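Only the coordinates and a few stated rules stand behind these numbers; no lab work does. All figures in this text were calculated on a predicted structure; none of them were measured in a lab. No Cβ is skipped: glycine too gets one built from the backbone with ideal geometry, and neighbour counts run over all protein chains shown.
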Amino acid sequence: MLDPDWPPARLHVVTGKGGAGKTTMAAALAIALAAGGHRTLLVEVEGRQGIAQLFDTPPLPYAERRIAVAPDSGEVYALAVDAEAALLEYLELFYNLRRAGRLLRRMGAIDFATTIAPGLRDVLLTGKVKEAVTRVRDGRRVYDAVVLDAPPTGRITRFLNVNTDVAGLARVGPIKTQSDGVMAVLRSSQTAVHLVTLLEEMPVQETRDATEALAAVGLPVGAVLVNMTRQPMLPAPALSAAAAGELELDRIAGSLASVGIDSDLAPALAGEVAEHALRHDLEEGYRADLAELELPTYELPMLTPPMDLGGLYELAETLRAHGVAHE
Ligand SMILES: Nc1ncnc2c1ncn2[C@@H]1O[C@H](COP(=O)(O)OP(=O)(O)O)[C@@H](O)[C@H]1O
Ligand SMILES: [Mg+2]
């Protein structure tokens, strides 16, 4: 059943600390939202071919292609946006400059634009995403939802807000219209920026910082996805006892001996348990910190590596069990 707190957006931007699982979560989300006969587009913009790796397919060209199916005839398409190709597309779209674009490329001018001016690069990338979100064919939206595997938390606000600066520079004309159009979509309830985090100090801190930075420029924060969580190995009373250093060594030694294990291992084992219990206490603290953000929060389990396609579908199922779905 749909979680009423899950934002009914059509553009889902997935950010987070590098390595926390942005690409994995974005892909799982694209599958979860496609379930039930929807069509979703999973987009990457960092030129890493992370989607192709995850789905075990050859590198994606600058073209949308179906890479997976979802339960109940859902379809997931994928696109690796390339800034240079996006620039050529724009020149043609707005100025009918296909030939000039090709010439620029031959002269190396486009390389210049995309490597030297990161702002321009981000304008092109966000513009392409907006185009996919709003694209209509035969009076119907082409994609029910678009999921963006976005830059990390440290860069996300600037990345999404880049068109504000551009719109400020150009007062009239197609560039201003274009930039205003992108910001109108990104700032609307059509968009939700989700934060992937771990139950660790730095990712939690970055999540808090990003939430503030996004809200400050009027970008809609969606949900917190707490990735790679682990079930405690002991029931709560045993964990508290271990954390307080109150484990009974004699009983542990006795239990070990009774199953034929050297009872001298008891202190080392007790040490491990105490460490596990302290780690659990810390994690509970981070859960409390995240709860203060008052955002819909979903936990995803740490799966046994290596992460494969089966694992990805498992994470998508977990999201669905949390009520994450396209309305
Ligand atoms: N829930 C999970 N359980 C186990 N491994 C995970 C999980 N989520 C991500 N991973 C693994 O963690 C690593 C980083 O994930 P990735 O999605 O590439 O992160 P990012 O895009 O943020 O850099 C990858 O090896 C991925 O397979
Ligand atoms: Mg990634």
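Values as computed for the structure displayed
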quantity	calculated
Reachable lysines, given that their alpha-carbon falls under 21 Å from the alpha-carbon of K128 and they are not under 8 places away in the same chain	K22, K176
S258 paired with A63, simple spin-label distance in nm, labels 7 Å along Cα-to-beta-carbon	6.7
Extension gain (nm, one decimal) between D138 and L293, 0.36 nm per residue minus Cα-Cα	51.7 nm
Over the chain, relative contact order from alpha-carbon pairs under 8 Å, at least 6 apart, %	26
Efficiency of FRET between D165 and Q231 - r from beta-carbon atoms, R0 41 angstrom, step 0.05	0.35
CD proxy at 222 nm, helix term only [per DSSP H run n ≥ 4: -39500 (n - 2.57); per residue of the chain; nearest 500]	-16500 deg cm²/dmol
Relative packing of peptides 257-267, 155-165, 199-209 - highest average C-beta neighbours within 10 Å first	155-165, 199-209, 257-267
Among beta bridges that DSSP assigns inside the chain, antiparallel share in %, nearest 5	20
